[in-house]
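Student: Structure provided below as structure tokens; questions to follow.
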Amino acid sequence: SGIWLGVEWDDPQRGKHDGTYEGTQYFKCRHPRGGSFIRPNKANFGVDFLTAVKDRYGLNNKQDVQHGTEHTVLFGKKTVEFVGMDSIAEQQRQLNQLVDISVRECAVSQAGQEEEISGTCSNIRHINLSKNLISSWETVTAIASNIQNLETLNISENKIKFPSTSPSVSSAFSKLRILALNQTEITWTEVLLCAPGWPALEELYLSSNNITVLERPDNVLQTLKLLDLSDNQLLDGNQLHLIAHLPRLEHLILRNTGIASIHFPDAGFGCKTKMFPSLKHLLIKDNKISQWSSINELDKLPSLLSLQCHNNPFMDTEKNPETVRQLIIAKISQLEVLNKCEILPAERKGAELDYRKIFGKDWLAAGGNWDPEKNKPSGEFLADHPRYPSLCLKYGVPEEGELKGKQPLTLKNQLLTLTIKCPEKPEQKPVEKKLPESMTIQRVKGLLYRLLKIPGSELKLSYESSKLDGKEVELDNDLKPLQFYSIESGDCVLVRW
């Protein structure tokens, strides 16, 4: 008896049925056990935007408390008083002076008195409206249209119904630069329908929206610099071609999007693609990329500087993570940061020289030759190693003695025979030592302290190789192993202090 409400839970484990009671279907659920009936007094229908703001920032009388008690907190048996909170609270009460406000999880469901919003929130530029009860895009527009200088808007975690046809373009979002629509169930089609109203948008966050297919954005989103599509299971890597001509896009975040390959068909080996012309930072971690050919393709991006690619199957093709890192560096010529770690010039040089030597035998077997007129490696080799010809131009064709190939990881192969010299102490005779290539610079220094009986001062290590034309390479990172610097047997380590 009486009035009941049918609800569908975000978490279907809380439900009991699909909206059916004693054979009658009262409402429908997406999940067969996601629904419940509740009494109206158990439901929160929300408040308007300005009420939430006043409650949050202490402007409603019901939130006032007696002076002297509101800024103390009890930790165990000790009372801690927060000094200066009165002045902060007073500043927050002046809504017309606030620039940045958050009413996250404050049950906002409607705009309320729009004229009052414009009169009270005249200086607000950044609003966090996430995890509220906003159910329509019209409500968002009504709030935004009364805040003249709105630059940042976060309405993530609201179950919003978006327009199914192009809404009339208003000036509500004319200055909006950053928009977060994570977990709002928006589709890419709906994004494009709303996008004409975002003429200045630079950052768009669309994580966790079940977006599977993309469409080409014609005459919209042309100012976009960052796009986050994380946690959307895209149909395949070819979906990226549909957003590849956004002219100003610099950051593309594709974490956990299910893509298994990346390909830019408009450009051949060693050439640059016309796709993603401004893309500098790419995040593709937690995906299904298993082939190195996708990493080869990334070298075609003309502006790429930074890459994050953890947790992809291709990362497990080598036992040593450091080897994987060096292969990626050698394959992508312009990369400056890999997995949040800067690539120093010495590391790049070492990686490229090593790559050139490791695959030298494959190059010869595929038709490579020291004679330029006979040097015609096969298309199959160039597809696997598109940068190999440019590395040969940069460092010269590998000599026969350099072609080391991929050797089995026995201890014998891992030991380096090195000459240790102290250039500033000519009376100290050079010492020859066999050291494992996995030994860190820090441990090498510890060994040298004992070996050379050096007093407790800071050691500076470098090395010389006959292949480096007398140049010294500093061993400047204590946490890196010897192999990081491409040191080989016969090289000379120089010790200074």
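Student: Give the residues of the range 13-64 that are polar (S, T, N, Q), surrounded by fewer than 17 Cβ atoms within 10 Å (Cβ to Cβ) and touching a residue at least 40 places away in the same chain (Cβ under 8 Å), sorted by residue number.
Tutor: Step one: filter the range 13-64 for residues polar (S, T, N, Q), giving 13, 20, 24-25, 36, 41, 44, 51, 60-61, 63.
From what is left, the residues that are surrounded by fewer than 17 Cβ atoms within 10 Å (Cβ to Cβ) are 13, 20, 24-25, 41, 44, 60-61, 63.
Once the filter is applied, which keeps residues that are polar (S, T, N, Q), surrounded by fewer than 17 Cβ atoms within 10 Å (Cβ to Cβ) and touching a residue at least 40 places away in the same chain (Cβ under 8 Å), the range 13-64 yields only ASN44.
Student: Collect the residues in the range 153-186 that are surrounded by fewer than 16 Cβ atoms within 10 Å (Cβ to Cβ), in contact with an Asp or Glu (Cβ under 8 Å, 6 or more places away or on another chain) and of a type in the set (S, T, N, Q), keeping them in residue-number order.
Tutor: Listed by number, the list holds a single entry, SER164.
Student: Quick one: count up the residues across the range 435-470 that are closer than 12 Å to VAL493 by Cα and of a type outside the set (A, V, I, L, M, F, W, C).
Tutor: Going through the range 435-470 one residue at a time, the tally reaches 6.
Student: Does LYS357 count as open to solvent by 50 Å² or more (accessible area, probe 1.4 Å), in contact (Cβ under 8 Å) with a residue 12 or more places away in the chain and in contact with a Pro (Cβ under 7 Å, 6 or more places away or on another chain)?
Tutor: Working: open to solvent by 50 Å² or more (accessible area, probe 1.4 Å): no; in contact (Cβ under 8 Å) with a residue 12 or more places away in the chain: yes; in contact with a Pro (Cβ under 7 Å, 6 or more places away or on another chain): yes.
Spelling it out, it is not the case that LYS357 is open to solvent by 50 Å² or more (accessible area, probe 1.4 Å), in contact (Cβ under 8 Å) with a residue 12 or more places away in the chain and in contact with a Pro (Cβ under 7 Å, 6 or more places away or on another chain).
Student: From the residues in the range 438-447 that are more than 14 Å from TYR463 (Cα to Cα) and not small (Gly, Ala, Ser), which one is least open to solvent (accessible area, probe 1.4 Å)? Full working, then the answer.
Tutor: Narrowing the range 438-447 to residues more than 14 Å from TYR463 (Cα to Cα): 438-440, 442-443, 446-447.
Checking which are not small (Gly, Ala, Ser) leaves us with 439-440, 442-443, 447.
Values: MET439: 20, THR440: 37, GLN442: 107, ARG443: 151, LEU447: 36 Å².
Restricting to residues being more than 14 Å from TYR463 (Cα to Cα) and not small (Gly, Ala, Ser), the top hit is MET439.
For every residue, the table says whether it meets (1) over 30 Å from CYS392 (Cβ atoms); (2) surrounded by 19 or more Cβ atoms within 10 Å (Cβ to Cβ).
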| site | (1), (2) |
| --- | --- |
| ASP236 | yes, no |
| PRO247 | yes, no |
| HIS251 | yes, no |
| ARG255 | yes, no |
| ILE259 | yes, yes |
| PHE264 | no, yes |
| ALA267 | no, no |
| MET275 | no, yes |
| LEU279 | no, yes |
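Student: Against the condition part of a loop (DSSP other than H, G, I, E, B), modelled with pLDDT of 95 or more and surrounded by 18 or more Cβ atoms within 10 Å (Cβ to Cβ), how does LEU214 come out, does it pass?
Tutor: Numbers: part of a loop (DSSP other than H, G, I, E, B): yes; modelled with pLDDT of 95 or more: yes; surrounded by 18 or more Cβ atoms within 10 Å (Cβ to Cβ): yes.
Here the answer is yes, as LEU214 does meet what is asked.
Student: Something else about it: So which of GLU318, GLU342 ends up being over 20 Å from the mean Cα position of the chain (by Cα) and closer than 30 Å to GLU474 by Cβ?
Tutor: Numbers: GLU342 fails: over 20 Å from the mean Cα position of the chain (by Cα).
It is GLU318.
Student: Of the conditions (1) open to solvent by 50 Å² or more (accessible area, probe 1.4 Å); (2) at pLDDT 90 or above, LYS78 clears all except one; give me its number.
Tutor: Status for LYS78: all satisfied but (2).
Student: Counting only residues that are polar (S, T, N, Q) and not in a loop (DSSP other than H, G, I, E, B), which one in the range 92-112 is nearest to the chain's Cα centre (by Cα)? Working first, answer last.
Tutor: Going residue by residue through the range 92-112, those that are polar (S, T, N, Q) are 92, 94, 96-97, 102, 109-110.
With not in a loop (DSSP other than H, G, I, E, B) added as a condition, the list becomes 92, 96-97, 102, 109-110.
Details: GLN92: 34, ASN96: 36, GLN97: 34, SER102: 25, SER109: 32, GLN110: 34 Å.
Of everything passing the filter in the range 92-112, SER102 is nearest to the chain's Cα centre (by Cα).
Student: Go through the range 274-298 and give me each residue that's farther than 19 Å from LEU235 by Cα and touching a Pro at 6+ places or on another chain (Cβ under 7 Å).
Tutor: If the condition is that a residue be farther than 19 Å from LEU235 by Cα and touching a Pro at 6+ places or on another chain (Cβ under 7 Å), then PRO277, SER278, ASN296 are the ones that fit.
Student: Please identify the pairs in which a residue from the range 104-117 that is open to solvent by 40 Å² or more (accessible area, probe 1.4 Å) has its Cβ atom under 7 Å from the Cβ atom of a residue that is assigned to a strand (DSSP E or B), counting only partners at least 6 apart or on another chain.
Tutor: Note: pairs meeting the criteria are ARG104/ASN128; GLN110/ASP48.
Student: Turning to a different aspect of this structure: Only one of (1) assigned to a loop (DSSP other than H, G, I, E, B); (2) out of contact with any Asp or Glu (no Cβ under 9 Å at 6 or more places or on another chain); (3) hydrophobic (A, V, I, L, M, F, W, C); (4) open to solvent by less than 70 Å² (accessible area, probe 1.4 Å) fails for LEU224. Which number is that?
Tutor: Result: LEU224 passes all but (2).
Student: Please verify whether SER290 is within 20 Å of GLU250 (Cα to Cα) and outside any helix (DSSP H, G or I), treating the condition exactly as stated. First the steps, then the outcome.
Tutor: Values: within 20 Å of GLU250 (Cα to Cα): no; outside any helix (DSSP H, G or I): yes.
In short, no.
The values are calculated or read from the model by the stated rules, or taken from the named source; none is laboratory data. The model shown is predicted, which means the values in this text are computed figures rather than measured ones. We place every Cβ from the backbone using ideal geometry, glycine too, and count neighbours over all the protein chains shown. Side chains included, ligands, DNA and RNA excluded: accessible areas come from the protein's heavy atoms. Shrake-Rupley method; radii C 1.70, N 1.55, O 1.52, S 1.80 Å.
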